[in-house]
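See below for the structure under consideration.
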Amino acid sequence: MIKTVETTPFGDQKPGTSGLRKKVPVFQQPNYAENFIQSIFDSLEDFRGKTLVIGGDGRFYNREVIQKAIKMAGANGFGRVLVGRGGILSTPAASHIIRKYKAFGGIILSASHNPGGPTEDFGIKYNIGNGGPAPERITDAIYAISQKITKYKILDANDIDLDAVKTWHLGDLTVDVIDPVKDYADLMEELFDFQAIRNLFSLGCRVVFDAMHAVTGPYAKEIIERRLGAPAGSVRNFIPLPDFGGHHPDPNLVHAKELYDEMMAPHAPDFGAASDGDGDRNLIIGRNIFVTPSDSLAILAANAHLAPGYSAGIVGIARSMPTSAAADRVAEKRGIRMFETPTGWKFFGNLLDAGLVTICGEESAGTGSNHVREKDGLWAVLMWLNIVAVRGESVEDIVRQHWATYGRNYYSRHDYEGVDSDGANGLVESLRERLETLPGTKIGDLVVSKADDFAYKDPVERSVSDHQGIRVFFEGGSRIVFRLSGTGTSGATLRVYIERYEPDASAHDIDTQVALADLIIAAETLADIRRRTGRDAPTVIT
Ligand code: G1P
Ligand code: ZN
């Protein structure tokens, strides 16, 4: 039985960089999640009788919203829902399931690397039939509809049992509860040389994977321990918990510090890795060396041909604008295409669909390829293991050789989290107003050569996205980027991205913050960060 429920709009349902993210109590308001889901459906056409994929990262409130989404999908005319057992689907696995089963689209419930729990974060995002995040024209439409919504439709039915692989019928809707891991693990086995990685492990290479009590636990257990034969215990914190054990499921040097310390200690394992709440980010640490995501993108692009799924070579690389230009040097040397897009994976979708690029990446620990339309944490880990296995060299050797060949892009991101929105907006506004007068400005030995507000014209859709970040370039090729986060749930987060290129291999051993010291001072001088944010230092340095 279909129920129509009257409702009124919530003013704050504008999707950000990656869907709608809010605190759990916001989502728990009566009709809040329903309004947004109905707005998604109302923005779509011609889906009657088609398939919708639903899954999430297991965080607090996941199961409740999954039940609502299933019943709303049925009431709105979808014919079939595929939902991961336990309500679980990692973001890349959801992308794969949408593609493999030719679904119309998917709803993914996650707030990625943000903490979970009754007062923490939750999120809903819509992915289209190519498996990727909805492009801006759809997220804009969803928002516009959410601002006028008057009713939503939902089946008047009991909740279904999500914990067994089984098929259910709710009126005309078929709901298949599916194994969330198998299809994804099979795909990884097609792309990578599992035999080579198995040999690597049997020769004693020690791997540690920290699932951070988030969604990749079951995936990593199956792939790294069962299929690749790493000893039991190689995958840690593998049970997804609604509050991620009280931690931030963010695989960076702050929240995965224990793993980092272990990898830097004597007798460290050979390979350390972690993934985030919904499984799309990755952290790669070799014994004695952290690999920055920007370097990782470049190194994976340069070595991808060593993996069976990429043996024909890659056709092009895309990176988000704030990501370092390390990958550009690989593209240049290989004579393949390079694209620079705004922040957010949704901008890679068209390039991948058009066959213009094979590998994409962001400085924010996201790397992936044309195998799905999301970034993919475990994919990056397996690609690294495949490369290490085939080259027979350590992570550190591979990174150092890469720098020696291509030069090193010293790179760091300074985040000022939860600052006053007016102050942060004022900082960006002020830079924007001075763009024309900045060139020629001298700060210490640095001279500004160019400054702009990054705008991107999608080469496929021809749509233009502007105001994507203030870029300040210096003579000699260094660069500072200022932009505000589009994923935060309270106040504003200022991100300052700092980069310097060093071709000389004898200067590749400097501490990153030291190598960037003059640019860090220049960022403060140009943007007046302390005064405008009221902060003496960044909250997080990556
Ligand atoms: C952040 C990252 C961005 C990533 C997004 C979703 O967005 O910077 O690269 O795509 O999370 O994981 P931001 O908060 O900067 O808007
Ligand atoms: Zn994520």
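Taken together, the values in this text are just the output of simple stated rules run on the coordinates, not laboratory data. Everything quoted here is computed from the prediction, not taken from an experiment. Heads up, the Cβs are rebuilt from the backbone with ideal geometry, glycines too, and the neighbour counts pull from every protein chain shown.
The percentage of C-alpha pairs in segment 259-378 whose separation is greater than 22 Å is 32%. Give me the percent of DSSP beta bridges within the chain that run antiparallel, rounded to the nearest 5. Expressed as a percentage, antiparallel bridges in the chain total about 70.
Here is the tail figure for the chain: Cα pairs spaced more than 47 Å apart come to 9 percent of all pairs. If you wrap the Cα atoms of segment 107-182 in a convex hull and average its projected area over all directions, you get 8.0 nm². As a proxy for reagent exposure, GLU363, GLU396, GLU225, GLU374 were ordered by neighbouring Cβ count within 10 angstrom, fewest first; the result is GLU396, GLU225, GLU363, GLU374. Neighbour counts of C-beta atoms inside 10 Å place LYS102, LYS166 in the sequence LYS102, LYS166, starting with the fewest. Quick one: if the Förster radius is 51 Å, what FRET efficiency do ASN199 and THR167 give, using the C-beta to C-beta distance and rounding to 0.05? For R0 = 51 Å, the calculated efficiency reads 0.80. Around the Cα centre of segment 352-500, unit charges on the Cβ atoms of Lys, Arg, Asp and Glu (plus for the first two, minus for the last two) sum to a dipole of about 380 debye.
Each peptide in 38-47, 85-94 gets a packing score, the mean of other Cβ atoms within 10 Å over its residues, and the list from highest to lowest is 85-94, 38-47. Out of every Cα-Cα pair that segment 179-296 contains, those further apart than 21 angstrom amount to 36 percent. Spin-label model, ASN425/ARG334: points 7 Å from Cα along the beta carbon direction are separated by 4.2 nm.
Place +1 on the Cβ of every Lys and Arg and -1 on the Cβ of every Asp and Glu in the chain, take the dipole about the Cα centre, and give the residue among TYR501, PRO308, VAL481 whose Cα lies farthest towards its positive end. Highest projection toward the positive end goes to PRO308.
When the inverse distances between all different Cα atoms of segment 304-455 are averaged and flipped, the Kirkwood radius reads 17.9 angstrom. Using the Cβ-Cβ distance between VAL254 and ILE510 with R0 set to 22 Å, the FRET efficiency from 1/(1 + (r/R0)^6) comes to roughly 0.50. Here's the picture: charge each Lys and Arg Cβ at +1 and each Asp and Glu Cβ at -1 in the chain, and of PHE339, SER234, GLY444 the one pushed furthest to the positive end of that dipole is PHE339.
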